[in-house]
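This report refers to the structure that appears directly beneath it.
The values are calculated or read from the model by the stated rules, or taken from the named source; none is laboratory data. Just so it is clear, the model here is predicted, and its values are computed rather than measured. As a convention, Cβ positions derive from the backbone with ideal geometry for all residues, glycine included, and neighbour counts pool all protein chains shown. To get the accessible areas, we keep the full protein, side chains included, count just its heavy atoms, and leave off ligands, DNA and RNA. Shrake-Rupley method; radii C 1.70, N 1.55, O 1.52, S 1.80 Å.
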Amino acid sequence: MSSVDDDLDDARDAGLGRAKSSLGTDPEGPEPLLRELPPGQPYPVEALGPLRAAVETAQGRTLAPVAIPAASALTMAALALQGHVDVEKLGGSRCPVSLYSMVMAVSGERKSSCDELFMKYLREHERTLGAQYRKDFASWQNKHALWEGRRSKMINKTKKDDEWDLDTKTRELDEIGPEPAAPPSPDRTSSEPTFEGLVRKLREGMPSQGIFSDEGGQLLGGYAMNGDNRQKTETAFNDLWQGNPIRRTRAEEGAYTLYGRRLSISLMVQPFLAREYLSNPLSVMSGFMPRFLLCEPETTIGTRLQKDVRLEIQALDAFGARLTQILHTPMPMDSDTRALSPRLLKLSPDAMKMLAGFGDEMELAQAPGARFSTVTGFASKAAEQAARIAGVLTAWQDLYAEAVEAESMAQAIQLARYYLGEALRLIDAANVSAEIERAEALRKWLVETWEQDDIIFSEILQRAPSRALREKPAADAAIETLVKAGWLAQFPEGTLVRGKKRKRAYLIVRAAPDA
């Protein structure tokens with residue numbers, strides 16, 4: 001490089017230094033862009049009622065955040081009970097006691113260990129029934145072969161007859177009877193089903209199913225949630241949460257409707273993947289995410305010392321015994337269609353009064369500018385979530401209870417408040433994360449690609465690295481973030497930049513002056 005070029009560079013650097021000084025940029029350089037997640041409230045473990053002892057025992061064995069085993073216990077109990085009872089909700093109508101939960105936790109948080117402590121009792125139940133199922137299935141195969149052979153023989157004989165009466169032959173076929181139904185598989189759960197696979201299990205297997213995964217990304221990032229499948233799957237899960245019939249019309253299967261099916265979901269998800277859903281307007285506005293009990297507990301990694309581990313197992317075994325007892329209790333269902341007919345668990349007058357008060361509180365809190373105005377989908381379902389949780393706590397204690405009492409409702413409302421507070425915290429953080437991601441994309445483009453030391457606002461709108469940043473609201477938000485962090489400094493309006501007075505122009509700060 002020539003000495004003239006060196007002199008020009010020195011002069012240019014000196015000019016930038018004076019510009020940075022006059023614009024008040026931080027002499028220590030810009031700050032990294034970080035997502036700040038405000039701390040959450042402690043998990044109200046005392047509100048778990050009959051599930052508390054098992055949850056605290058699981059937490060003592062794993063030293064994981066208590067919210068993780070709490071989610072496992074709640075959804076496992078809901079899975080066992082959802083075929084037996086529905087619960088009364090506000091307005092006198094009814095809803096399933098099915099629960100959807102999603103715990104956000106990083107790798108190493110012992111999600112799998114917690115889930116396994118509760119899941120093993122269900123697996124033991126399925127293994128116990130599996131031996132009898134294999135015998136029943138073999139018997140069904142023989143019965144079906146005989147039925148099919150007799151039917152085929154009669155039809156073939158009819159084809160050879162020169163004369164035959166339709167009504168007579170139809171009656172003869174009717175006398176054979178309908179096709180024998182296969183015995184349902186005792187399996188109650190899957191981890192990453194396609195919606196078609198789930199419908200098949202609900203149609204041919206047990207009408208009460210659960211999706212349980214300690215690696216929830218396999219479902220959220222899998223085929224069922226990819227591309228065009230995502231909206232279809234989310235809508236279907238919404239219907240199942242409500243207890244609505246499943247209506248299917250397929251060329252290979254024909255048209256049919258499945259009534260009386262129930263589904264609970266328990267997902268342990270990496271935070272970065274969950275935040276993609278929480279910041280996605282489609283998943284939130286469609287009602288998919290608001291049906292989940294969400295939480296991201298504070299990590300315990302780095303504090304889990306072996307001296308603190310508690311190895312007692314009695315409370316977990318008691319949980320397992322109660323779960324097995326409920327699973328062995330026949331569900332009220334139609335023998336032909338397997339449609340469930342859960343009985344109604346009503347609310348006592350005091351419980352209904354408490355739930356009505358909570359519902360009114362949640363309604364007022366959704367008004368513009370009120371506390372939950374940014375998470376209305378979650379807040380509008382909080383009272384129903386409380387009713388469902390109260391139904392689970394009540395029926396877990398007594399499967400034949402006639403009503404939810406005030407104590408269980410108070411506990412359920414406390415849990416619903418916790419999960420709603422977490423939804424507010426995590427939705428706001430996810431939206432901030434989305435804004436920061438756009439700001440980071442703009443920062444990298446400015447620092448690494450843009451060749452000038454300054455940039456004009458119109459240039460960002462025309463040339464920014466993503467379509468979102470070429471829209472004024474997103475560009476304004478990203479620029480504001482970069483200004484606050486020290487990566488951009490705005491020139492006063494009318495400053496001469498590249499030979500012309502500019503209304504909005506910015507100095508790009510690539511590093512500290514002495515870097």
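Observations, loosely collected:
- Residues in the stretch 246-286 that are part of a loop (DSSP other than H, G, I, E, B) and under 11 Å from the mean Cα position of the chain (by Cα): there are none.
- Filtered residues of the stretch 336-395 (kept if outside any helix (DSSP H, G or I), out of contact with any strand residue (DSSP E or B) (no Cβ under 9 Å at 6 or more places or on another chain) and touching a residue at least 12 places away in the same chain (Cβ under 8 Å)): Asp336, Ala365, Gln366, Arg371, Phe372, Thr374, Val375, Ser380, Lys381
- Residue match in the stretch 181-196 (condition: assigned to a helix (DSSP H, G or I) and under 27 Å from Lys111 (Cα atoms)): yes
- Residue check for Ile413: among the β-branched types (Val, Ile, Thr), open to solvent by less than 20 Å² (accessible area, probe 1.4 Å) and either part of a helix (DSSP H, G or I) or closer than 23 Å to Leu278 by Cα (or both): yes
- For the stretch 143-190, filtering for residues that are out of contact with any Lys or Arg (no Cβ under 6 Å at 6 or more places or on another chain) and closer than 28 Å to Glu204 by Cβ leaves 30.
- In the condition set (1) at pLDDT 85 or above; (2) in contact with a Ser or Thr (Cβ under 7 Å, 6 or more places away or on another chain); (3) surrounded by fewer than 18 Cβ atoms within 10 Å (Cβ to Cβ), Asn431 is compliant with all but (1).
- Among the residues of the stretch 287-309, those that are open to solvent by less than 70 Å² (accessible area, probe 1.4 Å) and assigned to a helix (DSSP H, G or I) comprise Met289, Pro290, Arg291, Asp308.
- Thr158 being surrounded by fewer than 15 Cβ atoms within 10 Å (Cβ to Cβ), in a helix (DSSP H, G or I) and either in contact with a helix residue (DSSP H, G or I) (Cβ under 7 Å, 6 or more places away or on another chain) or in contact (Cβ under 8 Å) with a residue 60 or more places away in the chain (or both): yes
- Within the stretch 455-462, not a single residue is under 36 Å from the mean Cα position of the chain (by Cα) and of a type in the set (Asp, Glu).
- Pairs where the first residue, in the stretch 214-229, is assigned to a helix (DSSP H, G or I) and the second is of a type in the set (Phe, Trp, Tyr), C-beta under 7 Å, 6+ apart: Leu220/Tyr277; Ala224/Phe195; Asn229/Tyr223
This table checks each residue for (1) in contact (Cβ under 8 Å) with a residue 24 or more places away in the chain; (2) under 23 Å from Val404 (Cβ atoms); (3) buried (at least 17 other Cβ atoms within 10 Å of the Cβ).
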{"position": "Pro32", "(1), (2), (3)": "yes, no, no"}
{"position": "Pro39", "(1), (2), (3)": "yes, no, no"}
{"position": "Leu48", "(1), (2), (3)": "yes, yes, yes"}
{"position": "Ala54", "(1), (2), (3)": "yes, yes, yes"}
{"position": "Ala67", "(1), (2), (3)": "yes, no, yes"}
{"position": "Ala70", "(1), (2), (3)": "yes, yes, yes"}
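- A single entry from Ala131, Ala181, Ala138 fulfils the requirement of being touching a residue at least 60 places away in the same chain (Cβ under 8 Å), open to solvent by 30 Å² or more (accessible area, probe 1.4 Å) and of a type outside the set (Phe, Trp, Tyr): Ala181.
- Evaluating Arg388 against the criteria (1) modelled with pLDDT of 95 or more; (2) surrounded by 15 or more Cβ atoms within 10 Å (Cβ to Cβ); (3) basic (Lys, Arg); (4) over 25 Å from the mean Cα position of the chain (by Cα) leaves one unmet condition, (4).
- Residues of the stretch 445-470 that are free of Cβ contacts under 8 Å to residues at least 60 places away in the same chain and assigned to a loop (DSSP other than H, G, I, E, B): Trp450, Glu451, Gln452, Ala464, Pro465, Ser466, Arg467.
- Number of residues in the stretch 167-177 that are open to solvent by 50 Å² or more (accessible area, probe 1.4 Å) and in contact with a helix residue (DSSP H, G or I) (Cβ under 9 Å, 6 or more places away or on another chain): the value is 1.
- Of all residues in the stretch 471-497, those being open to solvent by 100 Å² or more (accessible area, probe 1.4 Å) and either in a loop (DSSP other than H, G, I, E, B) or within 14 Å of Leu446 (Cα to Cα) (or both) number 2.
- All of (1) in contact with a Phe, Trp or Tyr (Cβ under 9 Å, 6 or more places away or on another chain); (2) among the acidic types (Asp, Glu); (3) in contact (Cβ under 8 Å) with a residue 24 or more places away in the chain hold for Asp317 with one exception: (3).
- Criterion: under 22 Å from Gly216 (Cβ atoms), open to solvent by 10 Å² or more (accessible area, probe 1.4 Å) and modelled with pLDDT under 95 - qualifying residue of Met119, Met104: Met119
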